[in-house]
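One structure is given below, encoded as structure tokens.
The values are calculated or read from the model by the stated rules, or taken from the named source; none is laboratory data. The model shown is predicted, which means the values in this text are computed figures rather than measured ones. FYI the Cβ positions are ideal-geometry reconstructions off the backbone, even for glycines, and counts take in every protein chain you see.
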Amino acid sequence: MDKRVLILMGSDSDLDLMSGALKCLKEFEVDYQVAVCSVHRSPEKALGLAASARDEGFGVIIGGAGGAAHLAGALAAKTTLPVIGVPIENGALHGVDALYSTVQMPPGVPVATVAVNGSHNAAILAIQMLALSDDRLAEAMTSYKDRLVQQVEAKDARAQERLESEGLS
């Protein structure tokens, strides 16, 4: 299986939060590569990975970082691939600084941005992007969405039972 999603994070301390994306990609059988690189402390590595990602067979880049969170934006500047930013909570501002740094990109350099600590949704979005040209992934995503509906329906049924049993319906 070719590597299809490049996942970069600003620090090894981000790995726990980014593992949601890794687990999701593994569940959908989407290959990925992970690297720790700081756009501030190791810019050549970070920007080089982004610049070569298309030639290396990647279809989407996910960049997770906290604080000033310039990683995803810098990656987007060096590639024509879609970049998904995951703002990571760290410090006194609880990830709001990372969110603003990730979402506020200048015209021409978009970064799709998910919620603070939202690496699972970053993986889902990456899979949806890849599914545009991959029937297997499109079918797997349809099944996933169907399971979400079933989960909500089951929760509704339990809630209705509880309401009835407590005389609140």
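Residues in the stretch 1-21 that are within 16 Å of Val83 (Cα to Cα) and among the hydrophobic types (A, V, I, L, M, F, W, C): Val5, Leu6, Ile7, Leu8, Met9, Met18, Ala21. Scoring Val86 on the criteria (1) under 15 Å from Ser11 (Cβ atoms); (2) surrounded by fewer than 22 Cβ atoms within 10 Å (Cβ to Cβ) leaves a single failure, condition (2).
One line per residue, one yes/no per condition, for (1) under 17 Å from Arg4 (Cα atoms); (2) at pLDDT 95 or above; (3) touching a Pro at 6+ places or on another chain (Cβ under 7 Å):
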{"residue": "Leu22", "(1), (2), (3)": "yes, yes, no"}
{"residue": "Ser52", "(1), (2), (3)": "yes, yes, no"}
{"residue": "Gly59", "(1), (2), (3)": "yes, yes, no"}
{"residue": "Ala65", "(1), (2), (3)": "no, no, no"}
{"residue": "Lys78", "(1), (2), (3)": "no, yes, no"}
{"residue": "Ile84", "(1), (2), (3)": "yes, yes, no"}
{"residue": "Asn90", "(1), (2), (3)": "no, no, no"}
{"residue": "His94", "(1), (2), (3)": "no, no, no"}
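From the list Gly108, Gly91, the lone residue that is in a loop (DSSP other than H, G, I, E, B) and farther than 22 Å from Asp14 by Cβ is Gly108. Among the numbered conditions (1) buried (at least 19 other Cβ atoms within 10 Å of the Cβ); (2) over 29 Å from Val39 (Cβ atoms); (3) aliphatic (A, V, I, L, M), the only one that Ala157 does not meet is (1). The set of residues from the stretch 112-129 being free of Cβ contacts under 8 Å to residues at least 40 places away in the same chain and over 10 Å from Val86 (Cα atoms) comprises just one member, Gln128.
Yes/no per residue for (1) free of Cβ contacts under 8 Å to residues at least 24 places away in the same chain; (2) not small (Gly, Ala, Ser):
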residue	(1), (2)
Lys23	no, yes
Phe28	no, yes
Val34	no, yes
Ser38	no, no
Lys45	yes, yes
Leu49	no, yes
Ser52	yes, no
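Taken as a whole, the structure places Arg147 among residues that are outside the structural domain of Val39 (by TED's automatic domain parsing), modelled with pLDDT of 95 or more and surrounded by fewer than 11 Cβ atoms within 10 Å (Cβ to Cβ). Could you go through the stretch 111-118 and let me know if any residue there is in contact with a strand residue (DSSP E or B) (Cβ under 9 Å, 6 or more places away or on another chain), part of a loop (DSSP other than H, G, I, E, B), exposed (fewer than 14 other Cβ atoms within 10 Å of the Cβ) and not β-branched (Val, Ile, Thr). Yes, the stretch 111-118 has at least one match. May I ask you to verify whether Leu130 is touching a Gly at 6+ places or on another chain (Cβ under 8 Å) and not aromatic (Phe, Trp, Tyr)? So Leu130 passes the test.
The number of residues in the stretch 114-130 that are over 8 Å from the mean Cα position of the chain (by Cα) and either under 17 Å from Leu6 (Cβ atoms) or outside the structural domain of Pro82 (by TED's automatic domain parsing) (or both) comes to 4. Of the candidates Ala46, Ala51, the single residue that is surrounded by fewer than 16 Cβ atoms within 10 Å (Cβ to Cβ) and farther than 26 Å from Arg136 by Cα is Ala51.
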